[in-house]
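Input: a single structure, listed below in structure tokens.
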Amino acid sequence: MKTQISKPSFGSAFVAMALLSIALTFASAQTANENRSAGATIVGAWRTVVTPVDCVTGGELAPPFPGLFTFHKGGTMSEYGIGPGQTPALRSPGHGVWQREGGRNYSFTFTFYRYDTGGIFLGTQKITATMEVGTSGADFTTDSTIEIFDANDNLIATLCGVAAGTRFE
């Protein structure tokens, strides 16, 4: 006995599957947008402007400079930024971890290696920050503590900074 699928029922099934697929795509996109606007995720790439500030007064210590943050699903992050008067040869990209603290609040820590103009390792820099994502989910602000360590991992300076970021889409 042969089973034969009639063209009308095959066509109807195909249309139904296509419509379901489209509906699921829209629902998934809507959920992602709702989560982002509720500050539910920082996962993604962000453009930043970082400003070194006085830890006591909050006054600007150096001109703001651009940077990039990427928050990866699972709680890791990547960072890159070159301060005023620096060249890319003086530091490595930053790598670290992040976590959600609740609501639109997060914290993160990252580190990078520092070098002199001859390529000699000088030590590390560690940034620890709190972060608040805006209500749109497309921007954030941070307050940071910056610790500078020498090549033997001795703390030699503590500074502060603030940053503002916008989602890169």
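The values are calculated or read from the model by the stated rules, or taken from the named source; none is laboratory data. Everything numeric in this text was worked out from a predicted model, so none of it was measured. Counting neighbours? That spans all protein chains shown, and the Cβs are built from the backbone with ideal geometry, glycine included.
For the range 149-165, a residue qualifies if it is of a type outside the set (G, A, S) and either assigned to a strand (DSSP E or B) or not assigned by TED's automatic domain parsing to the domain that holds E101 (or both), and the qualifying residues are F149, D150, L155, I156, T158, L159, C160, V162. Within the range 67-89, does at least one residue satisfy the condition of being of a type in the set (V, I, T), modelled with pLDDT under 95 and outside any loop (DSSP other than H, G, I, E, B)? No, the range 67-89 contains no residue that is of a type in the set (V, I, T), modelled with pLDDT under 95 and outside any loop (DSSP other than H, G, I, E, B). Does the range 61-73 hold any residues that are over 10 Å from C160 (Cα atoms) and more than 17 Å from the chain's Cα centre (by Cα), and which are they? Within the range 61-73, A62, P63, P64 meet the criteria. Within the range 58-78, residues that are exposed (fewer than 12 other Cβ atoms within 10 Å of the Cβ) have Cβ atoms under 7 Å from residues that are among the aliphatic types (A, V, I, L, M) and assigned to a loop (DSSP other than H, G, I, E, B) in these pairs: K73/V43, counting only partners at least 6 apart in sequence or on another chain. Name the residue that is farthest from G161 (Cα to Cα), counting only residues in the range 79-114 that are in contact (Cβ under 8 Å) with a residue 40 or more places away in the chain and not charged (D, E, K, R). If we take residues in the range 79-114 being in contact (Cβ under 8 Å) with a residue 40 or more places away in the chain and not charged (D, E, K, R), then G103 is farthest from G161 (Cα to Cα). Every condition in (1) in contact with a Gly (Cβ under 9 Å, 6 or more places away or on another chain); (2) among the hydrophobic types (A, V, I, L, M, F, W, C); (3) under 19 Å from V53 (Cα atoms) holds for L159 except the one numbered (1).
Exactly one residue out of F110, F121 is buried (at least 16 other Cβ atoms within 10 Å of the Cβ), among the hydrophobic types (A, V, I, L, M, F, W, C) and modelled with pLDDT of 95 or more, and it is F110.
The single residue among I146, I127 that is over 14 Å from F69 (Cβ atoms), part of a strand (DSSP E or B) and in the same structural domain as T57 (by TED's automatic domain parsing) turns out to be I146. Only one entry in E169, E132, E101 is closer than 22 Å to A45 by Cβ, in a loop (DSSP other than H, G, I, E, B) and acidic (D, E), namely E169.
Let's see how each residue does on (1) of a type in the set (S, T, Y); (2) under 14 Å from the mean Cα position of the chain (by Cα); (3) within 27 Å of A45 (Cα to Cα):
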residue: F121; (1), (2), (3): no, no, no
residue: A138; (1), (2), (3): no, yes, yes
residue: T141; (1), (2), (3): yes, yes, yes
residue: L159; (1), (2), (3): no, no, yes
residue: V162; (1), (2), (3): no, no, yes
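Scoring G58 on the criteria (1) part of a strand (DSSP E or B); (2) touching a Cys at 6+ places or on another chain (Cβ under 9 Å) leaves a single failure, condition (1). Do we have I146 as more than 26 Å from T41 (Cα to Cα) and touching a residue at least 24 places away in the same chain (Cβ under 8 Å) here? Against the criterion (more than 26 Å from T41 (Cα to Cα) and touching a residue at least 24 places away in the same chain (Cβ under 8 Å)), I146 does not qualify.
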